[in-house]
Amino acid sequence: MKRIITTAALLSLIFTNAQQVKKDSVNSKEIQGVTMTKKVFQKKADRMVFDVAASPIAKGTTGFDLLKETPMVSSTDNSTLKILGKNASVIYINGRKSNMDPEAVIEMLKNMPSENISKIEVITMPSSEFQVEGNQGIINIILKKKPTDGTNGNIRFEDNQGYYNNPSGSVTLNYRKDKLGISGSVNGGKYTQQQYYILSNGNKDFKQTSEGTVTGPRTYLGGYVNIDYQINDNQNIGFSYNHRNRWGNDFRSNLYNETTKYNNGNPTVERTRTVNLTEDNNNNDSFNLNYELKTDDKGSKLSLSSSYLHFSKTENNNSTTYLLDSNKNEVAVGLNFLQKTPLIIDNLGFQADYVQKLKNNYTLSFGGSYNTTKTDSDTYYENLIPPTGKDQNQSNHFIYKEKITGIYVTLEKSFGEKLSTKIGTRFENTNADGNVVDKNIGIERNNNNFLPYLSVNYNPNQNNNISYSFSSRVSRPAFWALNPAKVYLTATNYVQNNPFTKPEINYNNELMYMYKNSYFVTASYNYTSNASEQIPLHGVNQNGDNVLAYIRSNYGDRQEFGLTFGLQKQFFKGIWSANHTLTLGHNIYKGSVDSDPTDTQNLVTFEKNIIDKSADYYQFQLVNNIRLSAKKDWFFGINYFYLSPLQIEIGELKPIHGAEISLKKIMDNWTFNLQLRDVFGTNRNRIYGEDGSGNYNSVNQNPYNRQLVFTATYNFGNQKLQKVRKAEGANDDIKNRTGGN
């Protein structure tokens, strides 16, 4: 129900645009350990490198907080990590992706110690060997490597006081003895988010408003075990298991609805109240087996990986709409139904990569992957008032099978220290079929995509660097978004998922200039064909009721232009560390949506939503960390972001801004951190849009982001312990599409 409400109110879309100036869908990955010291920022080949190995700022913090300090990376909601100009970021550990769903990764990052990171690499334009989708970037964390045997660990407790009090905690252990390394972690907690909505839509003939609260309590428990064994100097084998449970047994919304119809100047008002009570639980288990063979002493190696993923989700929603009188008293039940929307995903993946170091500074890389996925969602809709029983039109059993085969090859050449180039291509075949049992709804796809890549990096001298990159990617819809089920907010306001949504094709360009490893300018251009989004459609159902449906559809094409100015620099002998960025952008959207392709019974007649928009915007972010004592044991942080009005597919997002302050104290192995987020309570979402047919739609959402957060962290054991080698999963891309939030 959390995604029901969030999506229905366009929270996910709004939130994403607010955080990263376009979509956010968060695709993130796991991290282990972390540490910082003297910040060094430099451009190398296809990535920017942030050297944090000696910075005292990292001591006693978490992997998540450390990443927020990284140039080009931001988090304005403390729930996602984004690279400027990118739709989403994918987290890698030592060049390998985690095997967990996005929410589990974020929670793990927040519960991980920060003492073991050596470097953070920001890859804004991933080359062909990386398995990413769409306009995604990569954050690669390089862990310290110490050969010392022994045991170390971390205990962490956090208390988050927002609208509700939300405690959490974690325990992490690492063990190494000779050739064997084992690491494990358990983390858990609870979090209740309170939100307040004011929703409105209509035209010259009617107006509908919904206003009220959405309360989403959830409890989570997760953990992982990683085992790495060095067979000999050239061979390693690894195994990992990740588990994640989340329970949301009392998710509820309570909205007062008012519909005004203007009949020749004589308005009539209908009043209702909709209460949704939802149980929303999910379970996530993933296994990975990895083998690595070094084939020479120059860096050539073979990597083999196999993975299995099982994801299960139950979502039961009891929705009741009460009819009210003019005094808002309940007089009758107008609608009462039970909707069950389960989702089961099983995936098996295999991956092989080979890197061959050649003569004359050439590097050849090639490999392939194969994933087979089956999803099963048996949506059940039952009317609880006469006529009672199962509603065949609303119920459906959707089975979807997908096979993705990918192969790639890249060739990299270094012409000394000044010039390097990389060229490659990736081929992906997507073979999929899905159908709704006993209904005339089915899809079949057999798509082939060649995805070229090119990068050039030039260093005329030690103070200047210029680079250009081009990449192309496929972005496939999340599995839950393909299930053709309605997700209700009110009786006439809902989200309709769409199995006919096609993958997007993204073409990305980036030109960057950097001066003295401190100042940079980035120009980017992204073109997306088959662009898809949740598009609001106004219509009338068979009962004559006005309906607002958010239908996920391929609407047309999207273009995004961006120009970012930034600096990452220390002042006053390292006392003040500044990470500032300013982005100027221009977006163009063209297309239209006029129907619900899943409505085979013509239950609703919709009007066309014409999307023909373009707009300019700007965004700036200021991240500052100040050392308050010569002993380097007191630190003060102050951050601020501002996003100007932004035109998106469904309308104009109003300005959003927020401030955060923090105070940190380090005492031997203890670190205490106090943060005040969204100091002025201004990080909220407002949007207004028109569809070109005389209809409007507005959303005003207050997520109560002002929070006081206290964290206590204790590190114990041998802090020089080498971390366990992290193996990449063969089904990592599938994890991002489970929607396991």
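Values quoted throughout were computed directly from the atomic coordinates according to the rules given, and no laboratory measurement underlies them. Given the structure is predicted, the values throughout are model-derived calculations rather than measurements. Because the Cβ atoms are built from the backbone with ideal geometry, glycine has one as well, and the counts that use them run over all protein chains shown.
Provide Rg and Dmax in Å for the stretch 477-615, with only Cα atoms included in the calculation.
Taking only Cα atoms of the stretch 477-615, I get Rg and Dmax of 21.5, 72 Å.
Obtain the nm distance between the two label points defined at GLN235 and ASP285 by a simple spin-label model: each point lies 7 Å from its Cα along the Cα-to-C-beta direction.
Calculated label separation equals 3.0 nm.
Using a 10 Å cut-off around each Cβ, can you sort ILE344, ILE141, ILE535, ILE91 from fewest to most neighbouring Cβ atoms?
ILE344, ILE535, ILE91, ILE141
Would you mind listing how long the stretch 605-651 runs along its three principal axes, going by Cα atoms, in whole Å with the largest first?
Sorted from largest, the Cα extents of the stretch 605-651 read 68, 24, 9 Å.
Determine which aspartates and glutamates satisfy two conditions relative to LYS418: a Cα distance under 14 Å, and not lying fewer than 8 residues away in the same chain.
Hits, sequence-local ones excluded: ASP46.
In debye to the nearest 20, how big a dipole does the stretch 324-470 give about its Cα centre with +1 on each Lys and Arg Cβ and -1 on each Asp and Glu Cβ? Kindly include the intermediate steps, with their values, before the conclusion.
Numbers: 14 positive and 15 negative charges, 183 e Å.
It works out to roughly 880 debye.
Check cross-link reach from LYS665 to the aspartates and glutamates: straight Cα distance under 14 Å, and skip same-chain residues fewer than eight apart.
Answer for LYS665, where 14 Å is the Cα cut-off: ASP633, listed by chain and number.
Relative contact order for the chain using alpha-carbon pairs under 8 Å, separation at least 6, rounded to a whole percent? If you can, show how the numbers build up before the last one.
Details: 2302 pairs, mean separation 104.1, N = 741.
It rounds to 14 percent for the chain.
Please tell me the relative contact order of the stretch 438-499 in percent, rounded to the nearest whole number, where contacts are Cα pairs under 8 Å and at least six residues apart. Could you put the intermediate results ahead of the total?
Numbers: 58 pairs, mean separation 14.9, N = 62.
It rounds to 24 percent for the stretch 438-499.
For the stretch 508-524, in order, what is each residue's ³J(HN,Hα) by Karplus, 6.51 cos²θ - 1.76 cosθ + 1.60 with θ = phi - 60°, in whole Hz (x at glycine and Pro)?
Per residue, the Karplus-derived 3J(HN,Hα) values read 10, 10, 8, 10, 10, 10, 10, 10, 6, 6, 10, 10, 9, 10, 10, 10, 9 Hz.
Between GLY265, ALA630, LEU323, whose Cα lies farthest towards the positive end of the dipole of the chain when Lys and Arg beta carbons carry +1 and Asp and Glu beta carbons carry -1, centred on the Cα centre?
Positive-most Cα among the choices belongs to ALA630.
Got a sec to turn the phi values of the stretch 163-171 into Karplus ³J(HN,Hα) couplings, 6.51 cos²θ - 1.76 cosθ + 1.60 with θ = phi - 60°, whole Hz, x for Gly and Pro?
Coupling constants for the stretch 163-171: 4, 10, 8, 10, x, 7, x, 7, 10 Hz.
Can you compute the helix-only [θ] at 222 nm over the chain? Use -39500 (n - 2.57) per DSSP H run of at least 4 residues, normalise by all residues, nearest 500 deg cm²/dmol. Provide the component values of the computation, followed by the final result.
On the way: 6 runs with 41 residues, N = 741.
Value at 222 nm, helices only, nearest 500: -1500 deg cm²/dmol.
Taking the square root of 5 times each eigenvalue of the Cα gyration tensor, what semi-axes in Å does the equivalent ellipsoid of the stretch 551-604 have, largest first? Spell out each step's value before the answer.
Working: eigenvalues 463, 40, 6 Å².
Here the semi-axes work out to 48, 14, 6 Å.
Between THR425 and GLN392, what is the spin-label point distance in nm, taking each point 7 Å from the Cα along the Cα→C-beta axis?
Label at THR425, label at GLN392, 5.1 nm between them.
When a footprinting reagent is the concern and you count Cβ atoms within 10 Å, what order do VAL699, VAL604, VAL171, VAL331 take, fewest first? Before the final figure, lay out each step's value.
Details: VAL699 25, VAL604 19, VAL171 15, VAL331 11.
Least to most surrounded, the residues fall as VAL331, VAL171, VAL604, VAL699.
Past the 20 Å Cα-Cα mark, which pairs from LYS68/LYS654; LYS204/LYS486; LYS82/LYS190; LYS207/LYS608; LYS43/LYS86?
Values: LYS68/LYS654 24 Å; LYS204/LYS486 27 Å; LYS82/LYS190 24 Å; LYS207/LYS608 18 Å; LYS43/LYS86 18 Å.
Flagged as over cut-off: LYS68/LYS654; LYS204/LYS486; LYS82/LYS190.
Just how far, in whole angstrom, is the stretch 216-257 from the stretch 656-721 if you go by their alpha carbon centroids?
Value for the Cα centre distance between the two parts: 22 Å.
I'd like the Karplus ³J(HN,Hα) series for the stretch 126-136: coefficients 6.51, -1.76, 1.60, θ = phi - 60°, whole numbers in Hz, and an x wherever there's a Gly or Pro.
These are the phi-based 3J(HN,Hα) values: x, 7, 5, 6, 7, 8, 10, 10, x, 9, 8 Hz.
If you filter the stretch 583-639 for trypsin sites (Lys or Arg not before Pro), then keep DSSP loop positions with at most 10 other Cβ within 10 Å, what is left? It would help to have the intermediate numbers written out before the result.
Numbers: sites: LYS590, LYS608, LYS613, ARG627, LYS631, LYS632; in loops: LYS608, LYS631, LYS632.
Those satisfying the criteria are LYS631.
In a shell of Cβ-Cβ distance under 9 Å around GLY591, excluding GLY591 itself, what net charge do Lys and Arg (+1) and Asp and Glu (-1) give? Present the calculation step by step, with values, prior to reporting the outcome.
Numbers: positive: ARG558, LYS590; negative: ASP557, ASP612, GLU649.
Result for the local shell: -1.
In debye, nearest 20: dipole of the stretch 344-385 around its Cα centre with unit charges on the Cβ of K, R (+) and D, E (-)? List each step's numbers first, then the result.
Working: 3 positive and 5 negative charges, 125 e Å.
Charge dipole, the stretch 344-385, about its Cα centre: 600 debye, nearest 20.
Work out the length of the dipole vector of the chain about its Cα centre, built from +1 on the beta-carbon of each Lys and Arg and -1 on the beta-carbon of each Asp and Glu, and round it to the nearest 20 debye. Present the calculation step by step, with values, prior to reporting the outcome.
Numbers: 81 positive and 70 negative charges, 571 e Å.
Result for the chain is approximately 2740 debye, rounded to the nearest 20.
Can you tell me what the convex hull of the Cα atoms of the chain projects to on average, as an area in nm²?
It is 30.1 nm².
Counting only chymotrypsin sites (Phe, Trp or Tyr not before Pro) that are in a DSSP loop and have at most 11 other C-beta atoms within 10 Å, tell me the longest site-free stretch of the chain.
Working: sites that count: PHE572, PHE680.
By the stated rule (loop sites, at most 11 other Cβ atoms within 10 Å), 1-571.
Tell me, how many Å apart are the Cα centres for the stretch 550-589 and for the stretch 395-411?
Their Cα centres are 31 Å away from one another.
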